[in-house]
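Structure first, commentary second.
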Amino acid sequence: MTGSRPESVLITGGASGIGLACARAFAAEGYSVGLFDLDRDKAEAAAAGLGIGDRATAFCGSVTEEGDLAAAVAAMEDRFGGVDCVVTSAGIVKVEPAFEVAPETFRNTLEVNVLGTWLAAQAAARSMAKAGGGSIVMLGSVYGAGGAPHRAAYCASKGAVHMLVESLAVEWGGLGIRVNAVAPTGVRTPMIDRLVAEGLYDMKGVHGRTPLGRLAEPEEVADACLFLAGRRAAMVTGHVLRVDGGWLANGYILN
Ligand SMILES: NC(=O)c1ccc[n+]([C@@H]2O[C@H](COP(=O)([O-])OP(=O)(O)OC[C@H]3O[C@@H](n4cnc5c(N)ncnc54)[C@H](O)[C@@H]3O)[C@@H](O)[C@H]2O)c1
């Protein structure tokens, strides 16, 4: 609780996958939840499905549009008294050989994954600064910490997100705003389902590369976000928390 009101979280990409799992986890911990997504119908259905009544709301918009995010933050202030936390989960991936990546694909990937993360963080931080602090949790990736074939734009975008964490943590620490990220390995979400359906995801290779031998569940990533957002992580900022089953620890060559 913040004073007499429940804490609130704005979740971009909240209608699906990791964002939706975060919405459920934060709702269960008593947060008021704002779901921000391109997909209006899914966002509204997800908000209603949280089963927390007026403590949930949906916003339709794009993270690439500063005005959409500003409107969502203003509505969160009116309705919930502020934005104590933002989880930036909106993201896209396209898997293709580097020689085939069109400028538009590269631009779009960076625009949604980097600019969109940045704009959401900035909009929320403006509100947090007025309130004396808050917490930002970004969705990074193991592909922001190590390369992978056929993901040039995606890897570049997630590396940038990891660096945003560090630069913003340094700049905004004095405002009481903590900035962290989670870096998952593959997570069982619609994003991965789509790649599997298109034959673009090497499930056997990912399992083999991962010491724990499986993909992560969205709820496992949400738990890490919840930890970083809350007061148990009060002294944690500028950190990228791996939720990767040991992926990045693994320097062993598989056969
Ligand atoms: N699934 C994985 O294996 C995995 C692994 C590591 C990191 N991540 C990252 O986690 C985040 C969530 O991924 P996911 O697997 O839940 O994906 P997902 O495709 O299931 O959900 C992404 C959501 O973001 C929304 N979205 C896309 N572009 C948007 C925009 N411009 N504005 C607002 N909303 C937009 C989509 O409508 C969708 O609801 C992404 O940043 C992704 O890169 C995913």
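The values are calculated or read from the model by the stated rules, or taken from the named source; none is laboratory data. Just so it is clear, the model here is predicted, and its values are computed rather than measured. Because the Cβ atoms are built from the backbone with ideal geometry, glycine has one as well, and the counts that use them run over all protein chains shown. Only protein heavy atoms, including side chains, enter the accessible area calculation; ligands, DNA and RNA are left aside. Shrake-Rupley method; radii C 1.70, N 1.55, O 1.52, S 1.80 Å.
General remarks:
A quick yes/no check of all residues on (1) more than 16 Å from I11 (Cβ to Cβ); (2) within 18 Å of the chain's Cα centre (by Cα); (3) free of Cβ contacts under 8 Å to residues at least 12 places away in the same chain:
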{"residue": "A71", "(1), (2), (3)": "no, no, no"}
{"residue": "F80", "(1), (2), (3)": "no, no, no"}
{"residue": "V83", "(1), (2), (3)": "no, yes, no"}
{"residue": "V87", "(1), (2), (3)": "no, yes, no"}
{"residue": "K94", "(1), (2), (3)": "yes, yes, no"}
{"residue": "A98", "(1), (2), (3)": "yes, no, no"}
{"residue": "A102", "(1), (2), (3)": "yes, no, yes"}
{"residue": "T105", "(1), (2), (3)": "yes, no, no"}
{"residue": "N108", "(1), (2), (3)": "yes, yes, no"}
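- Failed condition for A216, given (1) closer than 26 Å to I11 by Cα; (2) without any contact (Cβ under 8 Å) to a residue 40 or more places away in the chain; (3) out of contact with any Asp or Glu (no Cβ under 9 Å at 6 or more places or on another chain): (3)
- Restricting the range 76-117 to residues that are touching a strand residue (DSSP E or B) at 6+ places or on another chain (Cβ under 6 Å), part of a helix (DSSP H, G or I) and not β-branched (V, I, T), the residue that is farthest from S141 (Cα to Cα): F80
- Residue satisfying condition, being of a type in the set (K, R) and either under 20 Å from L168 (Cβ atoms) or surrounded by 18 or more Cβ atoms within 10 Å (Cβ to Cβ) (or both), within set R214, R231, R194: R231
- Residue in the range 236-244 that is outside any loop (DSSP other than H, G, I, E, B), near the ligand (Cβ under 9 Å from one of its atoms), free of Cβ contacts under 8 Å to residues at least 40 places away in the same chain and open to solvent by less than 40 Å² (accessible area, probe 1.4 Å) present: no
- Only a single item in (1) among the hydroxyl-bearing types (S, T, Y); (2) farther than 30 Å from G251 by Cα; (3) near the ligand (Cβ under 9 Å from one of its atoms) is not met by Y154, and it is number (2).
- When residues of the range 115-144 are limited to those that are more than 11 Å from the ligand (Cβ to nearest atom) and open to solvent by 30 Å² or more (accessible area, probe 1.4 Å), the one nearest to A183 (Cα to Cα): W118
- Selection count where residues are more than 24 Å from A216 (Cα to Cα) and open to solvent by less than 10 Å² (accessible area, probe 1.4 Å), scope the range 3-40: 3
- Applying the condition of being free of Cβ contacts under 8 Å to residues at least 40 places away in the same chain and surrounded by fewer than 18 Cβ atoms within 10 Å (Cβ to Cβ) to the range 160-187 and asking which residue is nearest to the chain's Cα centre (by Cα) yields M163.
- Within the option set A98, A48, A43, being surrounded by 23 or more Cβ atoms within 10 Å (Cβ to Cβ) and aliphatic (A, V, I, L, M) holds for one residue only, A43.
- Qualifying positions in the range 16-75 - part of a loop (DSSP other than H, G, I, E, B) and near the ligand (Cβ under 9 Å from one of its atoms): S16, L38, D39, G61, S62, V63, T64, E65
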